1. So which GluC sites (Glu not before Pro) in the stretch 15-58 pass both tests, a DSSP loop state and at most 14 other Cβ atoms within 10 Å of the Cβ?
2. Rounded to the nearest 10 degrees, what's the angle between the helix 314-323 long axis and the longest principal axis of the chain, both from Cα atoms, 0 to 90?
3. Please give the length that would be gained between R218 and V9 if that part of the chain were fully extended, namely 0.36 nm times their separation in residues minus their C-alpha to C-alpha distance (nm, one decimal).
4. Considering only Cα-Cα distances, which of the following residue pairs are longer than 25 Å: K187/K361; K6/K110; K319/K360?
5. Which ³J(HN,Hα) values in Hz, rounded to whole numbers, follow from the phi angles of the stretch 160-174 under the Karplus curve 6.51 cos²θ - 1.76 cosθ + 1.60, where θ = phi - 60° and Gly and Pro get x?
6. Could you name the lysines whose alpha carbon sits less than 16 Å from that of K113, not counting residues in the same chain fewer than 8 places away?
7. Under a 5 Å amide H to amide H cut-off, with H placed in plane at 1.01 Å, what residues pair with T75 once short-range neighbours are removed?
8. May I ask for the distance between the Cα centers of the stretch 313-338 and the stretch 126-169, given as a whole number of Å?
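The values are calculated or read from the model by the stated rules, or taken from the named source; none is laboratory data. Note that the coordinates shown come from a computational prediction; the quantities given were computed from them, not determined experimentally. A quick note on method: Cβ atoms are made from the backbone with ideal geometry, for glycine too, and the neighbour counts reach across all protein chains shown. With ligands, DNA and RNA removed, areas are computed over all heavy atoms of the protein, side chains included. Shrake-Rupley method; radii C 1.70, N 1.55, O 1.52, S 1.80 Å.
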Amino acid sequence: MIPYGKQDVAAEEIDAVVEILKAERLTQGPVISQFEEAVAAYCGARHAIAVSNGTAALHVAAMAIDIKSGDEGITSPNTFLASANCLLFCRAIPRFADIDPVTNCIDPDKIKKSITPRTRVIIPIDFAGHPCEMETIWELALENNLSVIEDAAHAIGTSWADHQGDWHKAGACSHSHLTIFSFHPVKTITAGEGGMILTNDPGLAAKCRLLRNHGITRKPTKFTHQNSAIFDKQFPPPWYYEMHTLGYNYRITDFQCALGLAQMERLDQFVTRRREIWTQYSSALEGIEGFQIPVEREATRSAWHLYAAQADERDELLKFLHEKGIGAHAMYIPIHLQPYYQKHFSYEVGDFPYAEAYFKKSIILPLYPSLTDAQAEYITNQVKTYYQN
Ligand SMILES: *Cc1c(COP(=O)(O)O)cnc(C)c1O
C-alpha cells in the first residue's frame with residue numbers, strides 16, 4: 001500500500017541520531033538549541049522553542065498568552081483536533097469560523113462575525129500547507145486586541161507575499177504572535193515526534209521556555225525568593241531552582257533534535273519535491289468531471305503537506321484506490337461534528353457548511369518526497385480509470 005504520507009530519513013540523519021545517543025546528554029543538551037536556532041534562522045523568526053510535539057506547542061502557545069477559563073478562541077473546523085483542543089486544555093471555549101471554499105483555510109470574514117467580547121485569540125491553520133490570509137487576520141486581530149497563534153503544522157517551508165509584494169515564510173511570525181510546527185513523521189520534516197513554537201516577542205519566548213519545563217527557572221537573575229533561610233541570597237547554590245508558573249514536561253530529547261536538525265538541511269529539497277508531485281497530479285487530473293484539484297493562490301508558494309482534492313462519490317473512489325494499493329485518505333472530519341464537541345458545545349450539522357461540504361468530498365492523495373514519478377503516474381492513472389468506468 002502506498003501511504004498518504006511518509007517520512008524520508010537518510011543514512012547520515014540516522015548517523016546524526018546515533019552520535020547523540022552515544023553523547024553525554026540525551027535530553028536538555030546542546031542539540032536542542034541548535035535545532036531551535038536552525039528553524040528560527042530558516043523562518044526568519046527571533047525565537048524558537050522546541051517541545052515534545054505539535055500539540056504541546058499549541059498548548060504552550062495558548063498558555064503563554066494567558067488563555068484562561070471562559071475565554072474564547074476562534075479556529076477552523078477543518079483541522080486536526082489539537083488546534084481546538086489547546087483551548088480546552090486552558091478551560092477556554094473553542095469557537096469556529098467556516099472555511100474559504102477555495103483554499104479550505106479559515107475565512108477572515110467569518111472570523112470577524114464570530115468575534116465576541118470574550119474572544120482572546122485566533123488560531124488559523126495553513127491547511128495542506130497553503131497559507132491563510134494572514135495579513136487580513138493580523139489586521140483583524142490588531143483591531144480587536146486579539147492574539148494570533150498560527151498553526152503551521154502543515155506549512156514549514158511555505159512562503160507568501162503580502163500586498164506590498166514582500167515575501168514571508170510561515171514561522172517568521174510577521175503576522176502572528178506565535179506560530180507552531182509539528183515534526184510528526186507525516187509532516188514535512190520529522191523529529192520522530194516534536195514541535196516548535198516561534199515568536200518575535202522575547203517575553204513570550206521566555207514564558208514558553210518556562211512552560212515546557214514545569215515552570216522552572218534556574219537563572220539567578222530571575223530568582224524571586226525572599227527567604228534567605230533557603231540559601232544565601234547573594235550566592236544561590238548550584239542546585240537551586242524556582243517554580244514560577246505551572247508548567248508541564250513538554251521537553252524534546254537531543255536525539256530527536258539531532259534528526260530534526262539534520263532534516264532541516266533537506267527541507268528545501270523536500271518542498272521542491274512535494275511541489276513537483278503536486279504539479280504532476282494537478283496537470284494529470286485537471287478537468288475531470290466530478291473531481292476537483294486543489295488550487296494555489298497567487299503570490300503563494302505552498303510547501304504542500306497534503307494533496308487535498310475533492311471528489312463526488314468520494315467513498316467509492318477511496319475504496320477503488322485502496323483496492324489498487326493506494327492509501328488515499330480523507331481529512332478533516334470537521335471538529336464541531338466530533339461527539340465530544342457536540343456533547344459539550346451543542347454544535348450541529350449545518351453549523352459550518354463549507355467545512356462540511358469540503359469534508360464530504362475530501363480525498364487526500366499520497367504526497368511525500370520519496371514518492372516516485374512512476375508511482376505518482378500510477379496514482380493519477382488509477383483516478384482517471386475510476387472516472388472512465
Ligand atoms: C499534526 C498536527 C498538529 C499536532 O501535531 P502533533 O505533533 O501530532 O502533536 C496540530 N495541528 C495540525 C493542523 C496538525 O496537522
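1. E24
2. Between helix and principal axis, roughly 90 degrees.
3. On the way: separation 209, 0.36 × 209 = 75.24 nm, distance 3.56 nm.
Net length gain for the segment: 71.7 nm.
4. Values: K187/K361 23 Å; K6/K110 34 Å; K319/K360 15 Å.
Beyond 25 Å between Cα atoms: K6/K110.
5. 7, 9, 7, 5, 7, x, 8, 8, 10, 8, 4, x, 6, 6, 6
6. none
7. R95, F96, A97, I123
8. So the two Cα centres are separated by 28 Å.
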